[in-house]
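The values are calculated or read from the model by the stated rules, or taken from the named source; none is laboratory data. This one's a predicted model, so the numbers in the text were calculated from it and none came from an experiment. Glycine gets a Cβ as well: all are built from the backbone with ideal geometry, and neighbour counts include every protein chain shown.
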Amino acid sequence: MKIVILGAGAVGGALAKLLALEENDVVVVDWDANSLNYLEEDADIKTVLGGSSYPNILLEADIKNADMVIAVTGSDEINIVACLISKVLSKRIKTIARIREASYLKNETFEALEKGQIPVDIVVSPEQLITDHIQALINTPGALQVLEFAGGLLNLVAVKAVRGGPLIGQEISNLKKHMPKVDTRVAAIFRQESPIIPTGSTTVEAGDEVFFIAKKGDIPKVINEMRKKEEPYKKIIIAGGGRIGYRLAKKIESNHSVKIIETLSERAKYLSEKLKSAVVLKGDVSDKHLLHEENIENTDVFAAVTNDDEANVMSCLLAKDMGAHKVIALINNPAYVDLVQGRGVDVAIAPSQITIGTFLSELAGDDVVRVYSLRRGAAEAIEIIVKTPSGSSSAGVIGKELGSIKLPQGVTIGAIISRKEVKIAHDDVKLHENDHVIMFLSDKDLLPEVQEIFSPL
């Protein structure tokens with residue numbers, strides 16, 4: 001596939017490298033010569049220096065022969081105009097744009113993007129994705145990551161096993177003994193950064209990062225097997241009143257006690273006018289005196305979501321030291337995520353990794369419903385549709401039991417959605433045409449092989 005990426009920032013650069021590794025023909029456009037030089041040296045990527053919305057620059061990027069353009073510059077307006085110009089230059093091209101400003105997205109006064117009146121085929125809103133991600137963590141005590149499949153019927157959850165959990169030191173098969181009415185599947189375990197594809201005899205150890213699939217209502221019960229039981233989170237402090245902080249406060253204020261800290265007076269005034277029950281505090285997110293006054297020691301979740309990585313990390317470390325139960329930091333530089341997660345920061349979120357998963361879902365093909373990028377891009381969780389091989393008398397995997405399907409090493413089937421019924425994966429479950437299969441891939445490069453098995457061309 002020939003793909004033109006407009007913008008060589010954190011998302012554009014990471015996406016370009018991923019797509020180039022998958023043998024796509026990738027061209028990146030940006031004004032920043034240093035970023036382009038880095039991409040050229042690091043991967044087999046063509047680059048064009050110039051404005052992303054300029055027709056002559058898009059033609060130089062060979063937009064007429066491109067299958068897709070992905071606009072991820074720092075400007076919503078440039079992204080929209082670039083998609084418009086791309087459609088003029090190539091009628092067949094598919095356009096994807098990152099749009100940050102909520103006013104451009106579907107609301108009571110503006111629905112142009114959803115109605116197709118603006119030539120952007122797919123709109124990706126990073127702020128909304130990040131907000132949803134943090135909200136899922138707040139609603140799921142103990143989780144490091146919560147991923148949604150099958151329209152919310154199923155979740156893939158990552159949790160760190162902690163000494164004191166009932167399953168620690170025991171085989172995974174004991175889950176059924178501990179919870180006879182709960183059906184779940186452990187999809188993968190990361191132990192000291194190395195993946196383990198588990199069997200029933202695999203022992204769960206303290207410090208393991210365990211990925212499991214279960215129905216939404218069963219998630220807390222499974223988490224409580226891996227660590228001491230946690231009560232629902234009620235008291236939340238949000239550090240930063242920007243787009244993400246505001247969206248998050250607005251979404252959770254009706255069900256939680258929410259306080260939001262904002263440095264700028266005008267922005268604090270705006271937040272106090274727009275939010276209904278959340279308390280707006282004007283001050284520095286790293287102000288020890290302020291945190292003490294707001295009873296940080298009784299706070300269930302402290303989420304630092306400013307645009308400053310250093311401020312987010314330092315305020316989280318301070319809040320944790322002062323007694324906050326769980327701290328979440330937004331880290332724009334993905335290289336810092338591994339440095340801080342687990343070292344005073346409970347959950348470090350890299351916006352680029354969350355956003356990239358949405359792009360990958362669009363790029364994977366019609367047979368792949370959803371792709372989540374995991375473990376800083378090394379692993380993936382996917383939802384794929386079972387299809388009959390075209391032009392073949394063979395039914396492929398249709399009619400077969402899961403236990404009889406030879407999977408590549410590093411792939412685990414977690415669940416099946418068959419005719420709107422959710423089935424946790426067991427060896428005797430049979431596959432039907434158009435079933436949705438939820439899988440964990442310890443190596444993202446396994447996706448083409450998985451597609452060939454379940455949904456061959």
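What number of residues within the stretch 407-448 satisfy the criterion of being within 12 Å of Ile382 (Cβ to Cβ) and exposed (fewer than 14 other Cβ atoms within 10 Å of the Cβ)? Looking only at that region, the number is 1. Against the numbered list (1) under 21 Å from Ile78 (Cα atoms); (2) surrounded by fewer than 22 Cβ atoms within 10 Å (Cβ to Cβ); (3) not acidic (Asp, Glu), Ala8 comes up short only at (2). Taking the stretch 330-350 as the range and being without any contact (Cβ under 8 Å) to a residue 60 or more places away in the chain and among the polar types (S, T, N, Q) as the test, only Gln341 passes. Looking only at the stretch 228-258, residues that are surrounded by 22 or more Cβ atoms within 10 Å (Cβ to Cβ) and not in a helix (DSSP H, G or I) come to 7 in all. There is no residue in the stretch 301-309 that is modelled with pLDDT of 95 or more and of a type in the set (D, E, K, R). In the stretch 171-203, how many residues are touching a helix residue (DSSP H, G or I) at 6+ places or on another chain (Cβ under 9 Å), farther than 29 Å from Glu421 by Cβ and not charged (D, E, K, R)? The number of residues fulfilling the criteria is 2. Is there a residue being farther than 23 Å from Lys326 by Cβ and small (Gly, Ala, Ser) anywhere in the stretch 205-215? No, the stretch 205-215 has no match at all. The sole residue among Leu129, Leu137 that is surrounded by fewer than 17 Cβ atoms within 10 Å (Cβ to Cβ) and under 27 Å from Gly242 (Cα atoms) is Leu129. Comparison of Asp42, Asp32 shows that the only residue that is more than 26 Å from the chain's Cα centre (by Cα) and touching a residue at least 12 places away in the same chain (Cβ under 8 Å) is Asp32. Somewhere in the stretch 259-274, is a residue outside any strand (DSSP E or B), closer than 22 Å to Asn139 by Cα and modelled with pLDDT of 95 or more? No, there is no match, as no residue in the stretch 259-274 is outside any strand (DSSP E or B), closer than 22 Å to Asn139 by Cα and modelled with pLDDT of 95 or more.
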